[in-house]
Structures are given as C-alpha cells and as structure tokens.
Amino acid sequence: MTDFIDIAALVDIPRQGARVVKTATGCIAVFRTADDQVFALQDRCPHKGGPLSEGIVHGTSVTCPLHAAVFDLNSGRATGADDWQVQTYAVRAEGGRVLLDAAFLARRSAA
Amino acid sequence: MKQKLVVIGAGMASGRMLEHIFDAGGTFDVTLFNAEPRGNYNRLMLSPVLSGEKTYDQIVTHGADWYAAQGVDCRFGEPVVRIDRTSKVVYSNAGGVPYDALVIATGSAPFIIPVPGRDLKGVCTYRDLEDTNAMIAASRPGAKAVVIGGGLLGLEAAAGMAARGAEVTVIHLMGHLMERQLDPAAGYLLQKDLEARGIRVHCKGATKAILGTDRVEAVVLEDGTVYPADLVCMAVGIRPEVRLANDAHLDVGRGITVNDQMRTSDPAIFALGECVEHDKQLFGLVAPLYDQARVLAATLLGQEAAFQPVQTATKLKVTGVDLFSAGDFADAPGREDIVFRDPGRGVYKRLILEGDCLLGAVMYGDTADGAWFFDLIKQGKSVSGMRDTLIFGPAFQGGASANPLAAVAALPPEAEICGCNGICKGRIVDAITAGADTLDQVRTVTKASASCGTCTGLVEQIMALTLGDSFTANANPPMCKCTDHTHEDVRRLIKSMGLKSIPAVMQDLGWKTVGGCASCRPALNYYLIADWPTDYVDDRQSRFVNERNHANIQKDGTYSVVPRMWGGVTNPAELRAIADAADKYNVPMIKVTGGQRIDLLGVRKEDLPAIWSDFNAAGMVSGHAYAKGLRTVKTCVGTEFCRFGTQDSTGLGIRLEKLLWGSWTPAKVKLGVSGCPRNCAEATCKDIGVVCVDSGYEISVAGAAGMDVKETEFLYKATTEPEVMEVIAAFTQLYRENARYLHRIYKWVAKVGLDWCRAQIEDPANRRALYDRFMLSQSVYQVDPWAEHAAQPAQWAPIADLTLRAAE
C-alpha cells in the first residue's frame, strides 16, 4: 500500500538542487533535476555520512559534497568503483506539488 | 545453522583471510579476539607512522564499520587464555566462546635479548602501535636513542626516530647491516647512506648490559663502548607466538605446525601468519602470509587449495634509500657473480648465477630493474643468451632501445608487481583496459600499490604502456570527462564565441553529458562570472556546498562561520557580538584563524541565516572564508604603534581588503602587508604580498604556504598607496581573466611566467584597463551574501518535518 504525503511545492526545491525532509529515522533529501524530475534518497553518504542534499546535482546524479562520491538518483547506487548503495524512496511531482510515499514511516511505526 | 568461526588475533593475515571469506559470500558466525585493543591495521606501515609521513588513521585497513557490516563479533583488548579442544570452546577472561572451526593467528613476539637491564623503563620493541607511539614520544629533537639490531625492522625504527630529530645509534651484532638480505658491499653502501643522515652505526657490537636506575640511561657493549640512551629499541628478531598452541598440546616445532591446507594437528583448528611453521619454514614477510590467507579462506569455504611458499623480495621502507634483494646470494661452490659498481652515483648491483640460471640479486642505489630480475629468479629460466648484458637490465636485451618503459614492457603477464597483495602485471593491465585510467582507480580495482606503495612507480609505468598516447595526453587533460576541451580552450571559446550561460557552453562546445558534473560546473560558473560580469547571473546550484551556503561544511554536516575582520583589526563591540552569537547558537568551538580573524565552528545549517543577521546588525559582513575569492589581508601594526614601522601597513591592509573583498577568483587569494622588512605579517609567502620600506612599497606575488611552500617573487615597486591599490587590483584581474579554475596564483604564474605578468602591469594603459574591468566586476559582486540570504531563513530549514507523523 502506498501513502503519498504532500510535502511541499515543487518550486520550493531549486532546480538542480535539493531540500531536506526530516523524519524520525533520519533526513531524506528530495532532489529536483533541471527538467523537473524529482527523486528522494537518504540524506547520508555511506562513505562518511556526507549530506547528499548539499551535493551538486548533474543530470540524474548527485556528487557528495564531502569526498565527491557520485550517486545515481534513480537507483541510489554509487557510480564509481565503490559498491555503495543509498536507500531510495518513492516520490512524485504532481500539479506543482511534491508527494512522498510515507509507507516507510508506517513500516517503522508498525515494527 | 551457520558455522561458528573463532579467530584469535586480528593481524594482517587473519584480516585478509576474513576479507576473502566475506568476498566469496561465505557465511560464518565470526568471533574475532585480539589482544591489542583495536582491529586490523597495516603493520608494514608503522615505519611511515614513526617517521611522521603517515598517521595511524591512514594505515587502518578495517575500521569498526567494516566489522559491523560483516557481523563480526569483535573482542578487542580481550586476550584468549585457553583453548578447550575436547568441548571446542575458546576462553578469555570474560568467558567461553564455542567454535566449529578455530583459526590461530597470534603472530609473533619480539625477541628480547637476555641482558641485564632489559626490564628498565624506556626499553621497547618494535611490533605494534604502542611501541611506535613510545618511540614517537621519545624522539624529540636532541634525545638519544639506541636501536639494537640492524635488520629491516631495526633500521626502519632508526630512520623513523632520526627523521623526528633524535640522535640514533644502531648496534648490530653482525659484520654488516641487513646481512640476511644484503651482501657486505651493499651493506656498506647502506651504512654510508645512514651515516650521512646522522645515524651512527656500530657493527660487530654485542650488547652486554642496559644501564640505568629508574629508567634506561645507557647501553654498554662487550668491547667496552658506552652509548648514552633515553630510549632503547630491541629489534633483533621475532619468534612465533605459540604459547596458546603449546598449552593446547597441538604439534609445535619452532612455530605451530600446519599442512598445505593450513590445518594444525587438530582437524578443527587452523593457523596462519607468523606463528606457523610450514615444511620446516617460518614466515615474516607479508606476501606469503597473504598467500596463506587465501589458502585458508578457501579451505574453510570447502574449496581445494594448497599453500606453496614462493620466493620473496625485500625492500627497505626508508625514504630516500633504494635497495632491493631477492633470492639466494650466499657464496657457494659453482656459483658465479656479475657485479656492477658506480661509486660516484652510489650504485651497486650484484647478480648471483648458478649454471645458466639467475639465483639471486642484490641492488643498491638503482633498483628500477628489481622486478625484472626477481621474475627471472622465480622462473628459473636459462639466461645464457643474455648473460653479457644481463646486469644492465631488460632495456639492453634483444637489441631494444634504452627506453625506461622497455623493462616493464618485457615483463610477462604473470610477473608479480605488487608483492603485498600478490597482484601480477596481467591483472593490472586487465583493469586498465577495462577502464581504470587513474592510479586511484587501479588501486581501487586491483589493490595494487594500495598497501606499502613501493610498487607505485611500476604501476604507473604499466599504465603508460597500456594507455599509450592517451596516458601521455594526460599532461594537459580535458577539463573533465564531460568534454574533450582543455580548461584553456574553454576559456578562450567562451570569449570568442560569446557564450554567456552554462547551457550555452555545454551546447555549443559539445558537452558529452547532461548537466555536466561536479568538476566542470563550478569551473564554468566561475569563467562566466569572470568574463561576463554584467550579463551572466551567478548559478548557485553550480557552486560547491561552501560557496552555495556561504559557510564551510564540516565533517559532521555543521558549518563554520567567519565574519570579516578588516586587516585583522577588531573592537569591543565586534568581540561582544561574536561572544553573544557563540552563546546564543551554542557554538562548540571558537578558534582564531591563521588569517587574523575568528572562526565559529559547529553552527547548524538552519541557524546560519539568524547568526548572519546578528552579525550584520553588529556591522559585520561575510569573511568569505569559504570562497575561491579574496580571503584575508594579514597586517602588522606598522607606523601606528611599531617603533620599526616605515608605513601605515595596517591602514593599507584595511584599504586593500575593502577594495578587493567580494571578488571571485579561480582559487582563494590571501594577502599580507608588512610595515618593514622584518615582515611580521609574513607577506612573502602570500598570493600577493606588500613589504613597506622607507622609499615605498615592494609588491611581490606567487607565494605559497600550503601543500607547497614558496617565497613570493618581486613584481613591482610602488611609491604611493594609490599606486599599490591600482597595481594589486590590476594583477588580481589579470589572474581572474587568465588562470585555470582552482589554480592558485603561484601555479598560474609558473605557467605564464612572471615576466609576462610584469609586462602587463608595467604598461600604464593596460594596467588602467585591467583596474577598470576589476572595478566593473566589483560593482556587481561586492555585496554581502550574508545580508542577501539572511532575508530568507525558510530556505535554510528542512522543507518538511515528518518526525511527528511516524508516531501516529
């Protein structure tokens, strides 16, 4: 079951940028690309915990601001030699609003 | 049900074994005991730690994260006291842990020579981090250290302590240093090299006693010589640590006896590393230990594998000493030598042949061909065809030219390049052809040159050979992987084609990626700002986090805030505002910077707009401590207070900072203004420095005091303050218009030449034009970014907060 929550207006996230959603289990970075696609990833680089929301967004990738690891926003996988994976979350842009699938929150509280 | 694997000892061999097991997807419940209170680090690299070339953190191979990720139960600092073979349980003082398979990897213990005084304080061995730290602590300049033992370990200890300033004496029982690896001639060259570094070497010296009352004071030898000592390091050898195995009644010779599968006399117990004896042989170098780790991992995973010791080569990890030895070089009937000496260069090479085969090689001073000789030794092939020129190395074989790369090209694919990790040439070539085109990538993919690093040069040569022209082309590489153009080409085309936006540059110059990358975007943003100040609009999303957030991100995601302090001068009101802000925002650290201002560290992102707003209210603006732009102008007190000052250096510094602040540059720019040649503002290691003299102002540029250290070079002598201001603004503009992004002034000047810069500045019309262009840019960019952003605090906070929702 999905449970999409309206979190913000699309224009509140800068193009080629990100904003952060706080949750009880850590921050989620919500990215907006140059062509208005949106993606949501855990805001924590598996390398040294860098905030991915502060990275430079290029195409559908983001470069971690601390040590320049590059992640594919679609899959959350690192594109370099390192076998890193960041948790991704379902998110979509609809009618100028950004909707985040909050099923993970329900799972958390049920657990 | 998962098998229970218990490992005693977290050394390099057992760490590598666990890596192999987990890499192969093996599932065990692993418990790892270690007597040392830490996990696995690269023991080989203790010598660079001792000499100060590396830190402990840099040599950790498996951090806490790694163990956690693999689910290893770590018992660090918890020595094992007993093995109960009947019920298959291992006991520490904290209790018992059952095992299905047990691995003993207890390594070795240093040998302590039984002389009086060996228990005194200040006597150490060289085995682990505690020993290394003891030697570091004792190696303050002027301290006296005695190293007993002139083998590999002893000499690395001696060189490390000498590098830290201690007066070091090495006492060696044998006639020459490193007698197990070197012949007397090479040992002599090594001794001369060490003596030239101030290390005293006493060969044929037998230690009689260590003297001292509370702690060590001196070492006395059998021949009566006395060496005063604050620290004595015993490095005479190691013996396998077999006490646990003995107590458990396993078969033990000199080490714990193992078969080809690394199994001990108890089928459920295995052993590897320096504590084992295989085929009557002990092992101390890392390469065979890694082989054992591979074999034992396979055995535990139920695969077939057998350990066969191979020849090993030795290198001494002392910076600046080049020696290599491999194989057998003892004199024996039927053996012949080929020797080459060049006393002028301190080069010595000796090859030992038996029949048609190469048996051993010793090289000193020039070891470039070491790997090639080592390979010939291992292959055992006939060398009769090239015997005449053998000593000159592979470059002279088969009529090939003396190309330094020929030696590497001649190596067969199975030639071992990285001894630490057992990586052969073929694997490195495969990795390069699969796309690894930088040294870092080759390291990541293959682990070659990732341990002790002595094979780095070889790996680079293999890269040059495999990549051919494209590797040479890296001398002036494209800007990044998104384009084939160099930085210089891009700058030129932006101007000549009138490109005024990042999308325009990417479109018209044929960028190969969508939206560039984190390397080209900030560069393009800078070039467009510098070239089209009034047309281009700064693209915040193309800036690195620090410039985007106008604060420096720290490792924990907080920021540091540095308000501008003009010329390093402040007043009680500013200091009060800083103190108030520190209280109000719970700033964990306040630090005075090298650029004469105050840094507030540990500020949370959402607090940035408020703290800026508070500083603005107190009349302070951003110090741009995060910017590729003007940072600081450091000053001394000049004629205002100083009895030596020749000009108002403080005032000039403040006026220069007010002229230049807010300007974006290819890399950071720091200035210094000193009031007299005593140079208290250290102006002569800045990007731009002014030294005041009675007759005026000496302007010099292109200094550095970071990764490189370099004195500034004289640019221009000015007689008035306005002339100083015009020259420095013009020079800064020249730099802004011509340098490559991220190149500091000294790097750029080295490329274009100081004479060219001076010619541009000395021409009055040209100087004025540069100055005018600089001021035009300042009319747009000299604004306080903090004031701009403090007005929109909402953009700095999370966009949504779902923390409460989870509790619903």
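Only the coordinates and a few stated rules stand behind these numbers; no lab work does. On a predicted model such as this, the values are computed, not experimentally measured, just so you know. Positions of Cβ are backbone-derived with ideal geometry, glycine not excepted, and every protein chain shown enters the neighbour counts.
Table: residues versus (1) buried (at least 16 other Cβ atoms within 10 Å of the Cβ); (2) in contact with a strand residue (DSSP E or B) (Cβ under 7 Å, 6 or more places away or on another chain); (3) not charged (D, E, K, R).
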{"residue": "B:E167", "(1), (2), (3)": "yes, yes, no"}
{"residue": "B:R180", "(1), (2), (3)": "no, no, no"}
{"residue": "B:P184", "(1), (2), (3)": "no, no, yes"}
{"residue": "B:K192", "(1), (2), (3)": "no, no, no"}
{"residue": "B:G205", "(1), (2), (3)": "yes, yes, yes"}
{"residue": "B:A209", "(1), (2), (3)": "no, yes, yes"}
{"residue": "B:L231", "(1), (2), (3)": "yes, yes, yes"}
{"residue": "B:M234", "(1), (2), (3)": "yes, yes, yes"}
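Hey, among B:D223, B:D266, B:D193, which residue is part of a loop (DSSP other than H, G, I, E, B), of a type outside the set (A, V, I, L, M, F, W, C) and touching a residue at least 40 places away in the same chain (Cβ under 8 Å)?
B:D266
Identify, from the list A:A81, A:A34, A:A93, A:A29, the residue that is in a loop (DSSP other than H, G, I, E, B) and farther than 30 Å from B:K447 by Cβ. Please lay out each step first, then the result.
Numbers: A:A81 fails: farther than 30 Å from B:K447 by Cβ; A:A93 fails: in a loop (DSSP other than H, G, I, E, B); A:A29 fails: in a loop (DSSP other than H, G, I, E, B).
Just a single option satisfies the conditions, and that option is A:A34.
Cβ contacts < 7 Å: first residue surrounded by fewer than 21 Cβ atoms within 10 Å (Cβ to Cβ), restricted to segment B:696-722; second residue in a loop (DSSP other than H, G, I, E, B) and of a type in the set (F, W, Y), any location; separation 6+ or different chain. Result?
So the pair list comes out empty.
Could you list all residues from segment B:694-714 that are touching a Phe, Trp or Tyr at 6+ places or on another chain (Cβ under 7 Å) and within 14 Å of B:L671 (Cα to Cα)?
Selection gives B:E698, B:I699, B:S700, B:V701, B:A702, B:G703, B:A704.
Just the residues that are more than 19 Å from B:N246 (Cβ to Cβ) and assigned to a strand (DSSP E or B), please, taken from segment B:84-120.
Once the filter is applied, which keeps residues that are more than 19 Å from B:N246 (Cβ to Cβ) and assigned to a strand (DSSP E or B), segment B:84-120 yields B:G95, B:G96, B:V97, B:P98, B:A101.
Are there any pairs, at least 6 apart or on different chains, whose C-beta atoms fall under 6 Å, with the first in segment B:781-803 and away from chain A (no Cβ under 14 Å) and the second among the β-branched types (V, I, T), and if so, which?
B:D784/B:V621
Among the numbered criteria (1) under 30 Å from A:V30 (Cα atoms); (2) within 41 Å of the chain's Cα centre (by Cα); (3) among the aliphatic types (A, V, I, L, M), which single criterion is violated by B:L804?
The failed condition is (2).
Of the conditions (1) surrounded by fewer than 21 Cβ atoms within 10 Å (Cβ to Cβ); (2) over 26 Å from the mean Cα position of the chain (by Cα), B:V147 fails just one. Which one is it?
(1)
Scan segment B:113-139 for residues that are exposed (fewer than 15 other Cβ atoms within 10 Å of the Cβ) and either touching a Lys or Arg at 6+ places or on another chain (Cβ under 7 Å) or within 18 Å of B:F270 (Cβ to Cβ) (or both) and report the count.
Qualifying residue count, segment B:113-139: 1.
Just the residues that are touching a strand residue (DSSP E or B) at 6+ places or on another chain (Cβ under 6 Å) and closer than 26 Å to B:N525 by Cα, please, taken from segment B:746-768.
Scanning segment B:746-768 gives a single hit, B:Y746.
Return the total of residues in segment B:507-517 being at the interface with chain A (Cβ under 7 Å from one of its Cβ atoms) and either among the acidic types (D, E) or free of Cβ contacts under 8 Å to residues at least 12 places away in the same chain (or both).
Summing the residues that are at the interface with chain A (Cβ under 7 Å from one of its Cβ atoms) and either among the acidic types (D, E) or free of Cβ contacts under 8 Å to residues at least 12 places away in the same chain (or both) in segment B:507-517 gives 2.
Hey, could you check segment B:524-545 for residues that are of a type in the set (S, T, N, Q) and buried (at least 21 other Cβ atoms within 10 Å of the Cβ) and say which is farthest from the other protein chains (Cβ to nearest Cβ)? Give the derivation first.
First, the residues of segment B:524-545 that are of a type in the set (S, T, N, Q): B:525, B:534, B:541-542.
Now restrict to residues that are buried (at least 21 other Cβ atoms within 10 Å of the Cβ): B:525, B:542.
On the way: B:N525: 10, B:S542: 7 Å.
For segment B:524-545, the residue satisfying everything is B:N525.
Considering B:R548, B:R521, B:R492, which residue is away from every other protein chain (no Cβ under 14 Å) and either farther than 26 Å from B:T433 by Cβ or not in a loop (DSSP other than H, G, I, E, B) (or both)?
Going through B:R548, B:R521, B:R492 in turn, the sole match is B:R492.
Can you give me the number of residues within segment A:63-78 that are within 14 Å of chain B (Cβ to nearest Cβ) and assigned to a strand (DSSP E or B)?
5
Go through the residues of segment B:565-586 one by one and say whether even a single one is away from every other protein chain (no Cβ under 11 Å) and within 20 Å of B:V783 (Cβ to Cβ).
Keep residues of segment B:565-586 that are away from every other protein chain (no Cβ under 11 Å), which gives B:565-586.
When the remaining residues are screened for being within 20 Å of B:V783 (Cβ to Cβ), the result is B:565-566.
Yes, segment B:565-586 contains at least one residue that is away from every other protein chain (no Cβ under 11 Å) and within 20 Å of B:V783 (Cβ to Cβ).
Filter segment B:282-312 down to the residues that are of a type outside the set (A, V, I, L, M, F, W, C) and either surrounded by 18 or more Cβ atoms within 10 Å (Cβ to Cβ) or touching a residue at least 12 places away in the same chain (Cβ under 8 Å) (or both) and list them by number.
The answer is B:G284, B:P288, B:Y290, B:D291, B:Q292, B:R294, B:T299, B:Q308, B:P309, B:Q311, B:T312.
May I ask you to list the residues in segment A:41-53 that are buried (at least 20 other Cβ atoms within 10 Å of the Cβ) and within 11 Å of chain B (Cβ to nearest Cβ)?
A:D43, A:R44, A:C45, A:P46, A:G50, A:P51, A:L52, A:S53
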